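The values are calculated or read from the model by the stated rules, or taken from the named source; none is laboratory data. None of the values given here were measured: they were computed from a predicted structure. Cβ coordinates were reconstructed from backbone atoms using ideal geometry, including for glycine residues, and neighbour counts include every protein chain displayed. Note: areas computed on protein heavy atoms with side chains; ligands, DNA, RNA excluded. Shrake-Rupley method; radii C 1.70, N 1.55, O 1.52, S 1.80 Å.
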Amino acid sequence: AFKESTMELACPQCLAVNRVPDTRLTDNPKCGKCAAALLPGKPIDLTAASFDTFIQKSSLPVVVDFWADWCGPCKMMAPVFQQLAAEMHTQFRFAKVETEAHPKVSMGLHIRSIPTLILFKQGIEVARTAGAMDALALKRWLAAT
């Protein structure tokens with residue numbers, strides 16, 4: 001018999017871990033606990049409290065943008081990150097960490113300049129890049145990892 005493969009996705013709202021069949025990723029899956037969209041098509045704001053669970057409990061790769069409010073290049077890249085989160089939300093999870101508000105997270109990952117993007121797969125950092133990118137460059141970077 002054919003066994004459907006499933007993914008684990010931590011809810012961006014309540015962090016409950018949900019199992020979603022791969023074939024249902026495009027059906028706007030909802031959290032079984034709080035009914036929030038699991039793949040909302042926009043970047044999720046992570047905190048020191050939610051970061052580890054969100055990264056560890058995601059079968060989809062997670063792209064995290066480390067940014068700060070005072071950073072010009074970060075502000076330039078925000079709409080690009082937003083656009084790709086909407087376009088690619090069934091292939092990657094997009095998240096943001098404000099480095100000023102959550103210094104423990106950025107210090108723990110040795111973030112030295114912003115914006116810095118880190119790609120996590122199965123909770124492990126697999127790629128990192130610093131500096132603002134346009135949509136094409138960001139798509140190329142994601143495709144190469």
* Given the residues Thr129, Thr116, Thr47, which is the only one that is surrounded by fewer than 20 Cβ atoms within 10 Å (Cβ to Cβ), of a type in the set (Val, Ile, Thr), touching a strand residue (DSSP E or B) at 6+ places or on another chain (Cβ under 7 Å) and without any contact (Cβ under 8 Å) to a residue 60 or more places away in the chain? -> Thr129
* **Meets criteria (open to solvent by 60 Å² or more (accessible area, probe 1.4 Å), within 21 Å of Gly131 (Cβ to Cβ), out of contact with any helix residue (DSSP H, G or I) (no Cβ under 7 Å at 6 or more places or on another chain) and not polar (S, T, N, Q)) for Asp22** => no
* Output yes when any residue across the stretch 22-30 is farther than 22 Å from Leu84 by Cα and at pLDDT 95 or above, and no when none is. => no
* Structure fact -> Of (1) open to solvent by 50 Å² or more (accessible area, probe 1.4 Å); (2) more than 26 Å from Ala101 (Cβ to Cβ); (3) polar (S, T, N, Q), Ser59 fails just (1)
* Asked: Which is out of contact with any Ser or Thr (no Cβ under 9 Å at 6 or more places or on another chain), open to solvent by less than 20 Å² (accessible area, probe 1.4 Å) and either closer than 13 Å to Leu9 by Cβ or modelled with pLDDT under 95 (or both), of Leu84, Leu38?
  -> Leu38
* To do: Report yes if Ile55 is in contact with a helix residue (DSSP H, G or I) (Cβ under 7 Å, 6 or more places away or on another chain) and not polar (S, T, N, Q), otherwise no.
  => no
